[in-house]
Structures are given as C-alpha cells and as structure tokens.
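For reference, the structure discussed in these notes is given below.
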Amino acid sequence: MNLIISNYIRFFVTLFIGLTIIFSCSSTQKAHTFAVDSNKGLKDYYQSYFPIGVAVSPHALNSDESSLIKLNFNSLTPENDMKMEAIHPKEFVYNWKPADAIVAFAQQNNMKVRGHTLVWHNQTPDWIFKDTKTGKQVTKEVLFQRIKEHITQVVSHFKGSVYAWDVVNEVISDDPKEFYRNSKYLEICGEEFIFKAFQWAHETDPNAVLFYNDYNEIDPRKRAKIITLIKKLKAAGVPINAVGLQSHWAVDQPTKEQLENTLNDFSKLGLKLQITELDISVYPKEHQAREERAEDLDTIFSAAIEEKQVEQYRMCFGLFRKYKELITGVTFWNVSDRESWLDNFPVKNRKDYPLLFDKNLAPKKAYWEVAKF
Ligand code: XIL
C-alpha cells in the first residue's frame with residue numbers, strides 16, 4: 001500500500017516538474033521568438049494604433065542607426081534642421097539641404113514627416129528682431145512681415161511632403177504667476193503673433209495639420225493655461241488642428257493618474273493629440289538648464305533605475321493605446337541612448353539613458369514592454 005502511495009506521489013511530482021519545465025520553456029520560447037523577429041519593429045506592433053516617429057539629424061540617416069530607424073519608425077521629425085536658425089539663418093537666405101535630406105529619406109522609406117517648428121523663442125536668429133541698417137529693435141509691422149515671410153517660404157517649400165507643422169512652440173509660461181512666456185516675439189507683437197502664425201501656415205498649405213506644441217503639460221497649472229490658449233484660438237476661428245505634448249518625462253513623472261488626467265483634459269478640446277518628443281529621463285525631472293552638482297557625477301544606469309524606466313514606459317504606452325482614438329502619433333526625441341539632447345540638458349555632459357535602444361543600438365528591456373502587449 002505504502003509503495004503504491006509513494007509511486008503515486010512520485011508520479012505527480014514528476015508530472016508537476018515536467019509541466020513546469022514545458023510551460024517555462026514555452027514562455028521563454030515565446031519571448032525569445034518575439035525578441036528575434038528581425039522583420040518587425042515598433043511601427044509594426046503599433047500599426048493599428050498610430051505612427052511611431054523619431055527625431056533625427058541627416059547624419060543619423062547615413063549612420064549605422066539607419067536600418068534601426070527604417071525598421072522601427074514610420075514618421076520622422078527633423079530634430080533641428082527646420083528650426084529658424086538652421087533653415088533661415090539670415091534675411092532672404094534659406095538653407096534647405098539638411099531638411100531636404102531628411103524628407104528624401106522619409107519618402108524613400110514610406111515615412112511621414114512632421115515639421116518642427118515655425119515660431120519658437122529658442123534657436124531663432126537675432127536678425128529677425130533687428131533693423132537691417134540701424135541694428136535697433138524692429139517694429140511690430142516689420143516683425144509680422146518677417147514672420148509671415150518665414151512661414152510662407154518654409155511651409156510652401158515642404159508643401160505636400162510635410163503633413164504636419166508645430167506652428168507655435170512653447171509660448172506658455174512655466175511660472176504660475178504669468179500666462180505667456182516672455183519672448184522677443186511677445187514683447188514686440190503681443191499675443192497676436194500666435195494667431196497670425198497659424199493663419200499664415202494655413203493659407204500656405206490648407207492641407208497641413210497645424211499644431212500648438214508645448215512641454216510640462218502634465219502639470220495641471222500649465223495644462224490649464226495651454227487649454228485656455230487653445231480655446232481662445234478656436235474661439236477666434238484660428239485654424240489649429242491638434243495639440244502636441246512634447247512629453248519629456250522621467251522615471252519619477254508623470255504618475256498614471258497625472259497622465260490619464262492630462263489625456264482626458266485635452267480630449268475635451270475636440271482636437272487630435274500627438275506625443276511629439278517622448279523620452280523618459282533617468283533623473284528627477286527639471287525644466288531649467290543649470291550648472292552641474294556633485295550628485296550629477298554618479299550617472300550609472302543601474303538595474304533599479306532601469307526597472308523604474310521599464311515600468312514608466314509600460315504605463316505610458318498602456319495609456320497611449322487606451323486613447324488611440326485621440327492620439328494620432330507618438331514620436332521619440334532621438335534614436336538611442338548613444339546620443340540624446342538630455343546628455344546636455346538640463347546639465348551639460350551628464351549622460352542620460354532615456355530611450356528604448358541602448359548605446360549599441362540594441363533594444364532595451366523597456367523596448368519589449370512597449371512592443372509586447
Ligand atoms: C533640442 C534638440 O534636441 C537639441 O539638439 C538642441 O540643441 C536644442 O533643442 N523642445 C523642443 C525641441 O521643442 O526642439 C528641443 O530640441 C527639445 C525641447
């Protein structure tokens with residue numbers, strides 16, 4: 001009798017161990033097969049959701065990053081080459097070549113192109129604010145004329161090949177006490193430049209999708225101001241079609257609740273949304289450039305930080321998918337951890353690891369969290 005019982009026990013224990021091995025093998029197998037499917041990239045996993053974009057320089061398109069870009073992305077944003085200082089460095093002088101190279105690469109590879117950006121307080125050459133002869137600050141009329149000229153030239157050059165424009169970038173202040181950010185544009189023209197920029201872009205390319213783009217939209221106070229601005233533009237009949245959330249986030253923010261509130265609040269505007277500049281920094285979020293501090297020298301991408309980042313990417317993409325009717329694109333700001341603008345912002349030469357590919361261009365753990373759902 002005892003022998004029979006012990007045989008039974010042995011049988012069940014063996015069966016249990018056997019099944020455990022089969023199940024764990026098949027799940028590793030599944031993850032393994034998934035990981036080595038070299039024909040699929042992010043854009044394929046998200047085919048029924050939204051295009052997946054990336055900000056690039058022409059250099060990246062000629063480097064070993066090029067095949068990674070082709071496999072994973074179906075939308076490109078020039079990281080710097082359509083900004084005014086790059087494309088319109090002097091009055092009547094336009095430098096189309098770098099941006100044209102990005103557009104050509106996109107067309108050869110069936111990718112969309114987002115135009116970034118027509119009016120912004122940064123990376124704007126000083127000449128636009130100064131009288132050509134006297135060097136003194138120009139009048140409102142002259143500045144309007146110059147902004148109009150800039151928008152008309154740039155939008156018409158890319159008409160038909162750039163489907164969307166960040167027309168106005170970052171005009172809302174981070175300071176809870178003020179509405180608009182202080183800038184030369186605001187100082188000389190007042191808020192009217194925002195309204196007119198959209199009109200001129202629309203007149204030049206009526207088919208382009210026109211965006212207002214800004215950052216730190218997860219902060220309820222700043223978000224409320226952005227929403228007030230959008231409502232004001234809509235009420236005035238300004239041709240604005242969509243809102244860009246830059247989404248320069250970090251392992252410590254946003255919380256799920258914060259992000260869901262953000263998407264919810266914007267959804268009520270009746271405009272489409274895009275995540276335009278996504279990255280998830282491994283450092284606590286700061287929005288102002290500053291000097292290096294002692295703690296900045298410890299810049300290891302530890303396993304614990306990686307886990308936080310994985311969790312953050314999983315949460316964000318879970319919500320992006322949930323709001324797929326609202327979101328018409330998700331763009332990463334830079335390709336891989338080899339080089340990110342966050343390596344120099346807010347602190348110069350502080351290495352960051354904010355993207356889905358590592359320094360060797362291999363997919364990180366977070367990549368699989370985004371791809372597997
Ligand atoms: C950044 C670029 O990535 C850097 O190469 C450049 O030195 C500064 O600008 N918000 C924007 C982007 O709208 O244009 C900025 O891009 C990042 C913050």
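The values are calculated or read from the model by the stated rules, or taken from the named source; none is laboratory data. What you see is a predicted model; the values in this text were computed from it and never measured. As a convention, Cβ positions derive from the backbone with ideal geometry for all residues, glycine included, and neighbour counts pool all protein chains shown.
Annotations for the structure displayed:
- Members of the range 323-337 found to be more than 10 Å from the ligand (Cβ to nearest atom) and in contact (Cβ under 8 Å) with a residue 60 or more places away in the chain, listed by number: Y323, K324, L326, I327, T328, G329, V330, T331, F332, V335, S336
- Reported count of residues in the range 175-220, each being part of a loop (DSSP other than H, G, I, E, B) and surrounded by 16 or more Cβ atoms within 10 Å (Cβ to Cβ), is 8.
- Qualifying residue in the range 180-199 (condition: in contact with a Gly (Cβ under 9 Å, 6 or more places away or on another chain) and among the acidic types (D, E)): no
- Residue match in the range 325-336 (condition: out of contact with any helix residue (DSSP H, G or I) (no Cβ under 8 Å at 6 or more places or on another chain), assigned to a loop (DSSP other than H, G, I, E, B), surrounded by fewer than 20 Cβ atoms within 10 Å (Cβ to Cβ) and of a type outside the set (V, I, T)): yes
- Test: L297 is touching a residue at least 12 places away in the same chain (Cβ under 8 Å) and assigned by TED's automatic domain parsing to the domain that holds S161: no
For (1) surrounded by fewer than 12 Cβ atoms within 10 Å (Cβ to Cβ); (2) within 16 Å of the ligand (Cβ to nearest atom); (3) under 20 Å from V54 (Cβ atoms), each residue gets a yes or a no:
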{"site": "R293", "(1), (2), (3)": "yes, no, no"}
{"site": "A303", "(1), (2), (3)": "yes, no, no"}
{"site": "K308", "(1), (2), (3)": "no, no, no"}
{"site": "E311", "(1), (2), (3)": "no, no, no"}
{"site": "R321", "(1), (2), (3)": "no, no, yes"}
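- The range 123-148, subset closer than 11 Å to C189 by Cα and not in a helix (DSSP H, G or I), residue farthest from the ligand (Cβ to nearest atom): T139
- Picking from residues in the range 340-351 that are surrounded by 18 or more Cβ atoms within 10 Å (Cβ to Cβ) and within 12 Å of the ligand (Cβ to nearest atom), the one that is nearest to L76 (Cα to Cα) is S340.
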